[in-house]
Amino acid sequence: MDNLALLTWLIPVPLFVAFGLMALMAYGGRLPKPTATAIAMTGVLAALVLALIVFASSLRLNLNKQPVGSSFPWLATGDTTFNIGVVVDPLNLPFVFMVSLACTLIFLYSTSYMANDPRYARFMTYLCLFAGSMLGLVVSDNLLTFFVFWELMGFCSYALIGFFYNKPSAFKAAVKAFMTTRIGDMFLMLGIVYLWSATGTLNFHAIMQNEDILEHLVHEPALIFGGLSAATVIGLLIFGGTVGKSAQWPLHVWLPDAMEGPTPVSAMIHAATMVSAGVLLSLRIFPLLNATLAHVPSGMGTAFNVIGFIGAMTALIGALIAVAQFDIKRVLAYSTISQLGFMVAAIGMGAYVAAAFHLLTHAFFKALLFLGSGSVIHGVEHGHHHLAHAAPAGHAEPTGHVVPADDHGHDAHDAHGTDGHDAPSEPEFDAQDMRNMGGLRTRMPVTFITFLIGGLALSGFPFITAGFWSKDEILGAAYQGLTEGQTLHTVIFAVLVFSATLTAFYTMRQIALTFFGVARTEAAANAAENPWQMTLPLGVLSFFALFAGLMNIPRQIPVIGTEWLGNLLEPTLEASIKVIGHEHAAVFSFVPMIVSIVIGLLGLSVGWLIYGAKPLAANQADPVEKLGGLFTFLNRRMLWDELYRAVFIMPLQWIADNYSRIVDKGIIDGILTGGYAIGGRFAGLLKSFDERVVTGTSNKVGEFFRDLGQSGRELQTGRVQEYLVSALIAAVVMLAFFLFIQ
Amino acid sequence: MAIPFLTLIMLCPIVGGIVVLLMPARNSEGIKVVSAVAMIGAVLLALAVLIGYNKTLGGFQFEERAPWIPTLGIGYHMAVDGFSAPLPLLNAIVGLCAVLVSWRQEDRPREFFAFLLFLIAGVFGAFMSLDVFVFLIMYELVLFPVYVLVAGWGSKNREYAAMKLTIYLFLGSLAAIVGLLVVYFGTGRSFDFFDMQNGIKNLSPDAFTDLLFRPSSLLGSLAARFPALSELARISRGWFPFLWIFVGFGVLASIWPLHNWSPDGYAAAPTPVSMLHGGVLKATGAYAAVRFGVQLMPDVAKYWLPIIVFLCLVNVLYAGLIAYRQKDLKYIIGFASVSHLGLVLLGICALNAYGLNGAGLELFAGGVMTGLMFSLVGIVYERSHERDYTKLDGLAKVLPVAAVGYVIGALAAMGMPGLSGFPAEMLIFSGLWQAAQTQSLMFANTLNWWYAAIAIGGVLSVVITAAWTLRVGAKMFFSEPVTDAWQKLPALDAREKFAIAFMSAVLIIVGVQPNSVMSIIDSGVQAMVKAFAG
């Protein structure tokens, strides 16, 4: 093992050490806040330094031919072993950098944002495990290691989303997140099992860069899914993991609720960790998906089409619902779903590099937006507390939007009764409702500028934002399919263009409602800018939200067009391209770029005309509410939760409640009853042992048992010898019986 | 002469039990100390066996033989192979922890601990005996103390539950005895496992059918009259002994639909009995089904298990779903153990190295997990006298060690990486998937493709288990304390903390470094698998 491989092993280690240390200290007694801060920050900074060293020294290497890494056997059975190992290869190289940097910034932010929480130390402890798991996942060299960290992250997300455990909505959201992603994990587990039994290895490099294995998987028909190739079925099963973790339709429902966790956790989940892991998984197996093209005479084949369809569907659903939300974090949550849909759609169209590119840029600007929204909420709350302390207790909010009881809109800080700010009016005021904001640009200038940069990046504001370049490449891939006459790609192109327009629109709506106009509540009027620990990360992330696009600007663009990421990633597909026999080269066109520019500006302008030019006054209805029934439908999140409840959860609960009544009592007892009627005493004996006997015979059976029990009690004097003797007698009788019939 | 480790392991609880019986009943502390010392001895010896087992050599080791009733082919024959080597340690660990958490037992402690120790001794004997006759005696020796302990020291509905449990298990063992007797008479009239195995190797798969349907027998003459019966006999090749043995022992492993005794029994049983029964005795059933069913008659197993696998799937899903909706903690863990044994049986039914390895690992680690969960439930119940988890809240504040133990047990149950459940589940599902690519013996020219569907169904268990563990843990331990009474519960004593920590540590060690146990189990499994290949 060379030094670089050792360093790669070490990237996640500081965070796990920090986690262990803090867990032990917290268990052994009190873990003071400064100590927790020191340990957590040391851990994450050490991980960042290691990651930067690995990143910098790997850049010179030919990682595609010779990835840096090592592994050791973890579970050996017979002549096969499951390994645990790490690797740095072209695909995870940029993620090593992005994840460690984003985590560091989020940690720094948390030290201020969570400072007043009595369970601060515990929060930082979980955060260390969360970040460590993600870094471990990024450097995994095989699917099993990947899955190990993947599941650990699932557990951390459960603990962190449900961090305010005394808040029922947070608890529900945590369970929902864990269970929904676990449904995806189930498919992933099957995919792993299938891949393992088909190839005998789970190592990414050994499978994805190996022509023979890919060839074999493509030509082997799948078990039980007749007609498809093994590669298609394995690819789709593993993609099931992405659907869960990256909140793709139809498993997208957990992500919006996940913002019940503290805002830094939302930033972790939406940018650096959970959802990125899902897309990263699909990128990891992309060569396998790519190889399925070998079988397809025209078009993209089942695997790609399913993925493309799900991605486009998710992009559209997310964008539509985001338009009709009032909660500042909820808008961002649905925008994440929508943007993840873009990435998945890109994968479904074979645009490997574009998907990775958008994943990276999105991570930066979405972390920025979430941290920015946290800053806004913190500022508004500050204003609200300021007010509450100034005003007499029980002071009603004349202008605040009151949260309905069933809404999940409370900010964690508000409902968390033990954080020391216990103003009586607090639960009624929603510091996350954008209708309670307005005019914050003057009160919180740093937050405003950085949020604006993040918003423009999300909208794809031309040329100067990273989001423009990455989204443009996805649209470019769809456009290429359109020119080649592929129906599905034409539809995807239309859907993505529409979704991108909506994205620009709701982003501008959000910015305008939050920062422009005049303050619509006293709280917003008294909001204050936050300390440097919160604004510094915003500044750093803004830098990347603007300039991260430079890593993959098309080479047709003069001077800045390097296609660094493309050059890095494309060689990893060589093996799969050999299997297909021909390369599906990306064709550059200026048409989608012009479309990107037009829709980005169009959405932003419409948003500005409606919300910016005529700022919303206090208690004035939002213009989108004029949509009537459609608004209600979208505001209620298209009723997916209600649908799932009616279609899946209720029937399952009914089965669980009634299964034993129907099957145990009805069928098993029914058989026993029938056997009793026919077979006489032996069956009667069996039947009567059952608790739930048919009413008519129960008395008789009861008496029989009482007598039997009585005699049994007399027999069983508590002496082992006597019992042994009876067992022996029984055995002898049986022996005699068999000797006799012989 | 080599030290007879296996007999010594078994003697620990027997001697302990006899000493306890000789002690004055007033000396309750002394009785407990003796019991604990006996179990500590057993743990150390069982650990020595596991460490001393030579996995490169494989096969049966620590062999002890003595003639007993040579005319009937009965002898005292003890040995462990890789598959069974970890199981005495499982029994010793759960047994020791069971003793430690019942330290407050003041109701007839002398009898209680004596029966408990005899129960443990019987399980040791069953795990290590290679003579079928001795095995059956040990097996029955286990059932008897269970009955007395449940009926005498159990909670609500205890007599009904004790009777139901005993009769079910007794009928199961009767079926197995009949099956084994057929093998005994069909082979060389020796109860020795090796003799039986060699005898069967020389028989055709239809030998038992031929034996039962020979023209001079009753069945034979009936078959001559009714051709349908002889047709039935033809397709059911050797079903009689194999199915009776497998299903008979399967009753103890709570195979569906013969699981009904289990939740009722566990709900009524005192905590240490639930721990031993759920964690170890069920493992005895599954172990016996492997040893005396699958290993004895691999060809017939290959014929029948692809059908039985459906029952095991029902186990996993059915019991899991019921556990999800139950409110009584003991019923929840009881149904969960049924579901969990379903996974073990699924692994066995896969009939390949992955599946059997997974089953072996799950028997060991899953047994400790069930023991841990039952001990936690018992600890909570003993203090609060409340078994409905919806009425409990905020226990993490008063019983923090129990809460941590619960989290570890729950994560192991749901297959979280880093704990023992994950490698076991991974192997079991890999085994099932691989089995889907084998030829079916029952249906010519067909793959056992439904194993893939079984794997897909079985994987649902990871979601179902997560559902109930989260629900129960969150309500019971990690909710906001509402009820004052619960905040005044007495804290755990050092013994209880040790028991929880000990069992949790096993789950973590096996989870982080599964090879520690896996390599030993694997050496036994590889030998079994060779028989299937042939």
**Asked** Which condition number does B:V37 fail, the rest of (1) hydrophobic (A, V, I, L, M, F, W, C); (2) at pLDDT 90 or above; (3) buried (at least 16 other Cβ atoms within 10 Å of the Cβ) being met?
**Response** (3)
**Prompt:** List, please: which pairs have Cβ atoms under 8 Å, are six or more places apart or on different chains, and start with a residue in the stretch B:303-320 that is free of Cβ contacts under 8 Å to residues at least 60 places away in the same chain and end with one that is acidic (D, E)?
**Reply:** none
**Item:** Checklist (1) within 13 Å of another protein chain (Cβ to nearest Cβ); (2) buried (at least 22 other Cβ atoms within 10 Å of the Cβ); (3) of a type outside the set (G, A, S) applied to B:L311, failing item
**Value:** (2)
**Prompt:** Can you tell me which of A:P90, A:P94, A:P118 is more than 21 Å from A:A177 (Cα to Cα) and within 14 Å of chain B (Cβ to nearest Cβ)?
**Reply:** A:P118
**Fill in**
Picked from the stretch B:182-218 (must be within 13 Å of chain A (Cβ to nearest Cβ) and without any contact (Cβ under 8 Å) to a residue 12 or more places away in the chain), the residue nearest to B:P298 (Cα to Cα) is B:R214
**Prompt:** In the stretch B:249-283, what count of residues is obtained for those that are part of a loop (DSSP other than H, G, I, E, B), in contact (Cβ under 8 Å) with a residue 60 or more places away in the chain and either in contact with a His (Cβ under 6 Å, 6 or more places away or on another chain) or not small (G, A, S) (or both)?
**Reply:** 6
**Which listed residue is of a type in the set (A, V, I, L, M), surrounded by 20 or more Cβ atoms within 10 Å (Cβ to Cβ) and either in contact (Cβ under 8 Å) with a residue 60 or more places away in the chain or more than 29 Å from B:G524 (Cβ to Cβ) (or both), from B:I74, B:I93** = B:I93
**Asked** Identify, please: which residue in the stretch B:413-444 is of a type in the set (A, V, I, L, M) and more than 12 Å from chain A (Cβ to nearest Cβ) and is, among those, surrounded by the fewest Cβ atoms within 10 Å (Cβ to Cβ)?
**Response** B:A444
**Asked** Tell me, which helices (runs of 4 or more DSSP H) lie completely within the stretch A:422-534 with 2 or more residues that are surrounded by 24 or more Cβ atoms within 10 Å (Cβ to Cβ)?
**Response** A:445-459, A:466-483, A:487-515, A:522-525
**Matching residues in the stretch B:475-518 - criterion: being touching a strand residue (DSSP E or B) at 6+ places or on another chain (Cβ under 9 Å) and surrounded by 17 or more Cβ atoms within 10 Å (Cβ to Cβ)** = B:P514, B:N515, B:M518
**Message:** Going residue by residue through the stretch B:453-472, is there one that turns out to be among the aromatic types (F, W, Y) and within 9 Å of chain A (Cβ to nearest Cβ)?
**Reply:** no
**Item:** Checking B:V517 against (1) over 20 Å from the mean Cα position of the chain (by Cα); (2) in a helix (DSSP H, G or I), the condition it does not meet
**Value:** (1)
**Asked** Among helices (runs of 4 or more DSSP H) lying entirely in the stretch A:586-661, which contain 1 or more residues that are over 28 Å from the mean Cα position of the chain (by Cα), within 27 Å of A:A519 (Cα to Cα) and not hydroxyl-bearing (S, T, Y)?
**Response** A:590-607
**Request:** Looking only at the stretch B:163-181, decide whether some residue is under 30 Å from B:Y381 (Cα atoms), within 10 Å of another protein chain (Cβ to nearest Cβ) and touching a Lys or Arg at 6+ places or on another chain (Cβ under 9 Å).
**Result:** no
**Prompt:** Would the stretch A:199-207 turn up any residue that is closer than 28 Å to A:G69 by Cβ and at the interface with chain B (Cβ under 10 Å from one of its Cβ atoms)?
**Reply:** no
**Fill in**
Quick count over the stretch B:385-412, residues being facing chain A (nearest Cβ under 10 Å) and crowded, with 23+ Cβ neighbours inside 10 Å, is 1
**Message:** Just to check your reading of the model, which residue among B:A286, B:A365, B:A323 is in contact (Cβ under 8 Å) with a residue 24 or more places away in the chain, more than 14 Å from every other protein chain (Cβ to nearest Cβ) and either in a helix (DSSP H, G or I) or under 15 Å from the mean Cα position of the chain (by Cα) (or both)?
**Reply:** B:A286
**In the stretch A:56-76, the residues that are touching a Ser or Thr at 6+ places or on another chain (Cβ under 9 Å), polar (S, T, N, Q) and free of Cβ contacts under 8 Å to residues at least 40 places away in the same chain** = none
**Request:** Residue by residue through the stretch A:516-541, note down the ones that are modelled with pLDDT of 85 or more and touching a Gly at 6+ places or on another chain (Cβ under 7 Å).
**Result:** A:L538
**Residue pairs meeting the criteria (Cβ under 7 Å; at least 6 apart or on separate chains; first more than 12 Å from chain A (Cβ to nearest Cβ), in the stretch B:497-519; second not in a helix (DSSP H, G or I))** = B:L507/B:L419; B:L507/B:S420; B:I508/B:L419
**Request:** Kindly check whether there is at least one residue in the stretch A:216-225 that is under 22 Å from A:A319 (Cα atoms) and within 14 Å of chain B (Cβ to nearest Cβ).
**Result:** no
**Request:** Could you tell me whether A:I580 is hydrophobic (A, V, I, L, M, F, W, C) and under 25 Å from A:N92 (Cβ atoms)?
**Result:** yes
**Asked** Could we say that A:D641 is of a type in the set (D, E) and at pLDDT 70 or above here?
**Response** yes
**Fill in**
Residue pairs within 9 Å by beta carbon, gap of at least six or interchain, first lying in the stretch A:31-43 and modelled with pLDDT under 85, second outside any helix (DSSP H, G or I) and not charged (D, E, K, R), listed first then second, are A:K33/A:A115
**Item:** Enumeration of residues in the stretch A:311-335 that are β-branched (V, I, T) and surrounded by fewer than 24 Cβ atoms within 10 Å (Cβ to Cβ)
**Value:** A:I317, A:V323
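The values are calculated or read from the model by the stated rules, or taken from the named source; none is laboratory data. Note that the structure is predicted; figures quoted are calculated from it, not measured. Every residue, glycine as well, gets a Cβ built from its backbone with ideal geometry; the counts of neighbours run over all protein chains shown.
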